1. Counting only complete DSSP H runs, which helices of the chain cover 24 Å or more along their long axis at the Cα atoms and score a mean Kyte-Doolittle of -1.0 or above?
2. Let's see if you can work this out: charge +1 on each Lys and Arg Cβ, -1 on each Asp and Glu Cβ, no other charges. What is the dipole magnitude of the chain about its Cα centre, in debye to the nearest 20?
3. Counting only helical runs of four or more DSSP H residues, what would the 222 nm mean residue ellipticity of the chain come to if each run contributes -39,500 (n - 2.57) and the total is spread over all its residues?
4. First obtain the Kirkwood hydrodynamic radius of the chain from its Cα pairs, then insert it into the Stokes-Einstein equation at 20 °C and 1.002 mPa s, and state the resulting D in µm² per second as a whole number.
Amino acid sequence: MKRHFYFVCGWLSLALGAIGAVLPLLPTVPFVILAAFCFARSSPRLEAWLLEHPVFGRHIVAWRTRGAITRKAKIAASVAFAVSIALALVFAPWPWSMVPIIAAVVTGSWIWTRPEA
């Protein structure tokens, strides 16, 4: 039962990561890292596939070994935050326009304090 739960969560995380590849506020790599975590507990074959993936594999390994994020990923996250903030300031009414700003400050400060891969 537990293995099935992790398997479903792994696929859901991977789906959210895929959606995050096209939506500016939803991140991709954290969901792929979460998918690898879930697959490690449910499907060693899918975990190995993610660890060997040419795009995501190095991010997962860097996170697992050192809790590290690449500078390129940090910059990409910051740009995504800036786009989300700009869109919210233009289209969202007050106080909802503050949500991306708060998310960017909290999450962005955490991202930039992680070691670099």
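1. Numbers: long enough: 2-20 (27 Å, 0.84); 71-91 (30 Å, 1.60).
Flagged H segments are 2-20, 71-91.
2. Numbers: 11 positive and 3 negative charges, 70 e Å.
For the chain, the charge dipole is close to 340 debye.
3. Details: 6 runs with 85 residues, N = 117.
For the chain, the value works out to -23500 deg cm²/dmol.
4. Values: Rh = 15.2 Å.
Taking Rh from Cα pairs, D becomes 141 µm²/s.
Where a number appears in this text, it was derived from the coordinates with a stated rule and is not lab data. In this text, all values refer to a predicted model and were calculated from it rather than measured experimentally. Reconstructed Cβ throughout: ideal geometry from the backbone, glycine too, with neighbour counts over all protein chains shown.
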